[in-house]
Every structure is written in structure tokens, then in C-alpha cells.
1. In this structure, does A:VAL124 turn out to be crowded, with 19+ Cβ neighbours inside 10 Å and hydrophobic (A, V, I, L, M, F, W, C)?
2. Within the stretch B:134-161, how many residues are assigned to a helix (DSSP H, G or I), among the basic types (Lys, Arg) and within 14 Å of chain A (Cβ to nearest Cβ)?
3. Taking the stretch B:136-179, which residues are more than 25 Å from B:PRO433 (Cβ to Cβ) and touching an Asp or Glu at 6+ places or on another chain (Cβ under 9 Å)?
4. Can you tell me which residue is nearest to the chain's Cα centre (by Cα) among those in the stretch B:207-224 that are under 15 Å from B:TRP122 (Cβ atoms) and surrounded by fewer than 22 Cβ atoms within 10 Å (Cβ to Cβ)?
5. State all residues of the stretch B:316-329 that are under 17 Å from B:MET356 (Cα atoms) and modelled with pLDDT under 80; if no residue qualifies, say none.
6. Would you be able to tell me the number of residues in the stretch B:28-58 that are more than 10 Å from chain A (Cβ to nearest Cβ), in a loop (DSSP other than H, G, I, E, B) and of a type in the set (A, V, I, L, M)?
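The values are calculated or read from the model by the stated rules, or taken from the named source; none is laboratory data. The model shown is predicted, which means the values in this text are computed figures rather than measured ones. We place every Cβ from the backbone using ideal geometry, glycine too, and count neighbours over all the protein chains shown.
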Number of protein chains: 2
Amino acid sequence: MSEQRQMHLGVLLLAAGNVVSGWRLPEAQAGSQNFPLVQDVARTAERGKLDFVFFADAVNTFPGMHPSMVLRLEPLTLLGALTQCTSHIGLAATASTTYTEPYNLARMLASLDHLSGGRVAWNVVSGAFAEAAANFGTAKHPPHEERYAIAEEFVQVAKGLWDSWEEDALVMDKASGKYVDADKVHVLGHEGKFFQVKGPLNITRPPQGYPVLLQAGASDTGCHFAASVADVVFTVQQSKDAAIAFARRLYDLARGYGRDPSHLKVMPGICPIVGSTEAEAKAKLAELGALVDPVYAMKVLSERMGHDMSVFPLDGPVPTLPPSSIMQGHAITLAETAARQNMTVRELRDFVGMSMGHKLVCGSPEQVADELEEWFRDGAGDGFNLLPPYFPGGLENFVDHVVPVLQRRGLFRTEYTGRTLREHLGIPRPEHPAARKAGNALPEPA
Amino acid sequence: MSEQRQMHLGVLLLAAGNVVSGWRLPEAQAGSQNFPLVQDVARTAERGKLDFVFFADAVNTFPGMHPSMVLRLEPLTLLGALTQCTSHIGLAATASTTYTEPYNLARMLASLDHLSGGRVAWNVVSGAFAEAAANFGTAKHPPHEERYAIAEEFVQVAKGLWDSWEEDALVMDKASGKYVDADKVHVLGHEGKFFQVKGPLNITRPPQGYPVLLQAGASDTGCHFAASVADVVFTVQQSKDAAIAFARRLYDLARGYGRDPSHLKVMPGICPIVGSTEAEAKAKLAELGALVDPVYAMKVLSERMGHDMSVFPLDGPVPTLPPSSIMQGHAITLAETAARQNMTVRELRDFVGMSMGHKLVCGSPEQVADELEEWFRDGAGDGFNLLPPYFPGGLENFVDHVVPVLQRRGLFRTEYTGRTLREHLGIPRPEHPAARKAGNALPEPA
């Protein structure tokens, strides 16, 4: 029993809920910027011993956007606040490699890792929304392949900056007056295609060495990027077989990059709708469905597909479209799902309106646990990224009723055994690289 | 008595102390990244009913830097944490307009203002250290005048972004399903010399309208910038007469920009060294002086002057130098002080090593209060920015022994009467600009 492999669980905290209509339920707390709600949900997740709570992000908005995305507390400052309201759970923020500077972002993430005692993760995104470019004076959102090339170099720079200070470089010896050991502080001197960053960073190495890296690549380039750098990979999957194939592919790619595949955690997204009985869960699903605004749902579908879907006949088949340059993971999975089930545009719209493209798991606590267990045991990943339909109840139902079932089955922890997110995930802390070439050390202050 | 004008007090939290050797005192807690210390100091400041705690910043480092600056928690994420550890005190972070993007910074500050319930301030700096450029792939630190032009446009963009959402644009009406009122969400469409930012921002208007703006301009350009946009102006002053002249100049300039000068708070920096008797304070000053490393002090002097001062004869007079392009406020005040007191380079070095160029006020609680009262009553400003020599004791002594004297004299509040930093400072909340031209409103989602 003690040897049984356990699943990892994270929760995506979209404050107005994952289902487009989630906020409209009588028991839901609306509020894109409602910090008391966010704090309450993070504490519920910690009570459930979840690995992490995770915040999505985008650096643009428009009034017709998903209610959970149209307005948000900024994730990095929000994580700062949550470091003081939680004690064990991991805290994951999305940040874009296209619209931030590596020096600024690396130090914020390091700062958060210090403030949280090693509980921080960075969801590396290259920026899904082309509209963001207009907020950054950039003529054009860089194309997909270039965005990944930028992201790759960005992560390399961030890691280099996190290694600026050797672990024992901060001396603070009152007797001698020596504050830092200059021999143990290194310039980076990065001169790349997209970034030139000298360093050193103005903060010591994060408690976790590097914050945990999350990624959600789904295109071929994205999968390679995720397999080469990510600790956790999010994925959109509707069928168990496709999920198994995806996980295997990621582990194989990771092996190809010289990594131990057990250090790469693949987590499909799951929208859990839990009732005390199957009937109750189905009634909740119907209630949510009845509240979905079809206009919103069509916008979300178009966003997910990377094409305006409202131009096609509603009751015609879902057309075959050229690849999206935006969110390929969603586009691929939705196209597959539509093809498998012969969906019309209307059906796909309603499906996305409910689940945002993620897998709905609806039923009694035992039924939900059964489905998660089956996917997990059959190799569809290392756990799940939960996308509750609304808050706070959508997560409370899972934590209070499904987590105990998973715990009784030995599939999930009953207590945190570590303090850092890396410890929760069972992935090693990267050691500081061997002392670099001597010429790179900065001279002692003369 | 109730009509008596009261002073405002902020504290600069340089974790290793303001005096270069502060951290070496037996009772000091060293620790550039020591969050428990920062939290403790912020709570002490709040116990003392201070207006705000303030964090300096720079986006570069080198091992010989001032111990308080060489390593630091990143200010914006740090403020996020402090929003949850404090309830009333203002929280001020420095952030550079040269090395950040307006969209990113405006939303972080808005997010912090929401998280803190309206207690956030932004110390607008154009980036004092030329070495920072190398961390941002920029060939060259922009020259002084251009940095101010960038800062001016940056602040204009930030204010425009903070006004993206009218106060009642977030509807969240469960019955109708209307989440936002699109008519009340505005694009900015800024097309300037340095920035092109479309907007809208993805967060509602900050509780304070705009976060409080701090500035420390001292050059002619800097004074104009401060007088036109700042709510609080920090200044380095050694003589009361110069401080009075500076404050008057700022109020006059503000009037010239059409502002009510009583809404501009001028706060000279003061390094308070408080003993239970004058003798005890002087002994502490001597103890601190004996611990100053002259190599460090010379580096700080060179930084402050914008010139390498170690090339001049130590016991010769302080040479007349061309204006620094970096920290003009410090350079001007130090040159004046050296001229007034016929200082040698060695004397100026030791002076800076102690005070960082700010005014030392050393004595019993009554003596320190006397000097602050005299400056305040004579019009040298609206209060003081405290730069304690070390932490936590350097602030505790002030809060426990000087604040009560000021309170007995009716010169400082005995309780917070407001909740926002604007309320503490007695400056109005900027109203949302009248509805913009109708064509600028985004269409309802079709």
C-alpha cells in the first residue's frame, strides 16, 4: 500500500468558474477580482491536500471575454498575497515570455519562491492572444514557432539568472563586515537571439533551485518544449486512449532530452461535477447548461478553435479547418471530439460552453473517483488539473467528497509530507551548476 | 488643537539598514531577503500610525553594492505579501519606467491596490543605475532628459489604463447573465513617442482611483515632473533653509501646473538615531561610525556623486564636478554640504557612509522631536521620510519614543482615521474622467 503510486491534483482557479455560466448559479460567488473568494478557494484546496492552485492569465481583455478572464487580479501580485494565507499548497502563476522581460520575471518568481518557502510554479506561456500585442507597442504578435523560440531562450535566461548566486554566497558576517562572497556571485552574460542579459540577478537562488515549471504545449513544437523543460504538463484530453498516447509521447520525448520521465508530470484537465448522487450531479449539469449564453459560448469556441466559428451553419457539421496559430491543444482536441461524435457546430458550441473543451466528469463521488482512478491506473497521466465549474462550491464538493474516496483507495495523500511544491510533486531540486569558469566570477570589491 | 496641521511620516525599509554598517550592530537583524524582519518592521510602522512603508529598488546588482541594495525581495511581489500582514499602513514600491512595460506595471499596481483596499503607492523612478541597461538587452541607458520624457509618457499611459473601466462597469447580474457593461469599458488607444498601448486594462479601476504617486526628482526636469504628477515628493536635504526653499519651489511649480499645492506632500529624508539620552544616541552614532567599511563608503559616495571619487586625494578638498546624470538630488546636496563645511573627500566619504547623504538627526526623543518640529513648523515640508540606521531597533526606538512625543504635541495622528493611503495623506481620490467620446466605447459583444 505504501508503495502505491499516488496521483497529483492541481486546481485552476478561474474566479468566475470554468463553465461559462458557473457564476450565474445561485450558490456561486461571482467576482473576477474577489480576493476573499480566491483566498477561500486556495484554503479549501489546501484542506484537500492538493498539490497546487493555479492561475491562468492573458495580457489583454475585451468585454465579451469569458467572465473568468475578462477581469483578474494580476497573478504574480496575487501569489504574493497568497503566500501569507496558505502554508503548504503550491502556488502557480501564468506569465508570458512574449510580453515580459526575463530579468523582471525571474526575480519576481524567485521573490515569490522565497516568500512562500519554495511553493511557487511558473506556467510558461508564449501568449495565446494575438490581441495582446497591441498593449505592448508591438506591431505584430510573433508567429507560433518564433514565440516558442523566444520562450525557450527566455527559460534558459531565467535559469541562468536563478543560478547567479551560489547557495552560500550571502555571508552576512558581522565580525568581518563581509556581506557577500563576491567569488560566489556570477554574471550570466547571455547574448542570444532574442535576449541580452548580463546579470547577476539581485536575489539569491530560489528555495526550490528553480520554481516548478508548468507548460501546456500541444503542437509538435510545444510538446518538444514541454518535454525538454517542464516539470508539469497540462493537457486537454477527451478520450482516455488519446490521453495515454499523449502521456507516453511526452515521457518518450523527455527521455530523448536526457531526462528521467518520472520527473515529468502529465496532468489532463478535468471539469468535475459532483453530486451526492448521479441524479443530483446530472441535475447540476443541466442547471449549468440552461444558463449558458450561446453568444458567449460561440465566442469561446471561436477562441479555442482559433477561427470565427459563427460564420458556419449552426446545424451543419463542424468543418475541417487549417491549424490554429493560437491554442493548438484545444483546437486539436475539439476537432477530434467533434469528428468522433459527428457533432454539429451547435453541439460543439454547447459542449465548449460547458467545459471550455476540457473533459467533464459528472456523477456521485464514487463515480467521479472511479473515472479518475481508471484514467490514472491506465497511464493517462500522473494526476489531474481540476477545473471546477463554479466557486467555491464546485471545488468544495470535490475536496469534501471525492478526495476522501481517493484517499481511502490509497490514490491520494492524506497529509502533506514535504514543504515545497517540488516535494509534493516528487521531483528533485535542481542542484546549482558546478562552479563556472573562474573568469566569470566578479572581482572582489576593490 | 484639532485644526493643527499634522506631519506625515513614511519609512524607507532597506532591510540591512540605511547606514552602511547598520546590519553589523549586535542588535541588528541582517538579512536583505528576511521576510519575517520586513513584516515585523511594517507592523511596527503600523503600530506607530505611520503613513507608509516604502521600498527602494534597482534592477541590477554587484557584490560591492550597499548591503541593503545588493539583494532584495522584489518590491511588487513583496507588497502582495504585506497586503495580508497589515491592515492600515500604506505600502509603497519603487518601479522603473525605463525597464518595465506600462500595461504590466499598471495592472500590478491596480491589483495591489485592490488587494490592499487602497493602500498602494508607486515610487516612479526612471532608473538610477546605468548598469541596469545590460540586464534588458538595451544598448545604452537612455540619457537623463529622455528618461524623464519616457517616465512622463509612462505615467500618462498608466493613468489612462486605470481609467479603462468606469466605476460601475462590472455588473455581474446573475438574472440577465450580463457580466460587464461594455459601454463602460474603454480602449485607450495611446499612440505616443515611446509607447503604443491600446487597452483596456484587464482589471477594474484601483480603489484609490490611481495609486498614490511618489517621486524624488531634484534636477530641474525632475522637479517639474514631480510637481506635475506626484502626490508625495521625497527629497535629500541637509539644511533647513534649503529644504524650505525646495518645498516652496515645488508648491509653486505645482500651482503652475494647475494643482492645489496642499495636495503635494514634500518629505525630506531623515536618518533618526534615538537614544534615551543624548549621550546614548551619540554613543550609538559612534558605534555605527566605527563599523563603517571605508571601501564600501567610498563606493556609495561614488554612486551618489555619479563620479568615481576614489581617484581624488583623500585629504584634499572635494572637487567641483560636472553634474551627475544619475542621482542628481544626492549629488547636488552632497556638493552643497561639502562646500558649506569645507569637507575633504575623506570627510564626505565618512559622512555618506553614515547617512547615505540624508540628514542625521541624533539625540534623545525630545531632541529628535524638537528638530523635526522646527523643520515642519518652518515649512521645510509636510513630514519626513524616515531612514532608520538599522532594523528593527532603529525604527522601534523612533516609534516607541519619538512618535509619542510628536503625538503629545499634536503634530502626529494617534489613530488612523481613514482606510486608504490617500486618506492618510489627506489628498483626494481622482474621479473617473467624464465619459469619453462615444466612439471610443467598445461595441457590445455581437
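1. So A:VAL124 fits the description; yes.
2. 0
3. B:PHE136, B:GLY137, B:HIS141, B:GLY177
4. B:LEU213
5. Within the stretch B:316-329, B:SER324, B:ILE326, B:MET327, B:GLN328, B:GLY329 qualify.
6. The qualifying residues number 2.
A quick yes/no check of all residues on (1) of a type in the set (S, T, N, Q); (2) outside any loop (DSSP other than H, G, I, E, B):
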residue	(1), (2)
A:GLU396	no, yes
A:VAL399	no, yes
A:LEU411	no, no
A:THR417	yes, no
A:ARG422	no, yes
A:HIS432	no, no
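The rows are residues; the columns are (1) over 18 Å from the mean Cα position of the chain (by Cα); (2) hydroxyl-bearing (Ser, Thr, Tyr).
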| position | (1), (2) |
| --- | --- |
| B:ASN397 | yes, no |
| B:VAL403 | yes, no |
| B:PHE412 | yes, no |
| B:THR417 | yes, yes |
| B:THR420 | no, yes |
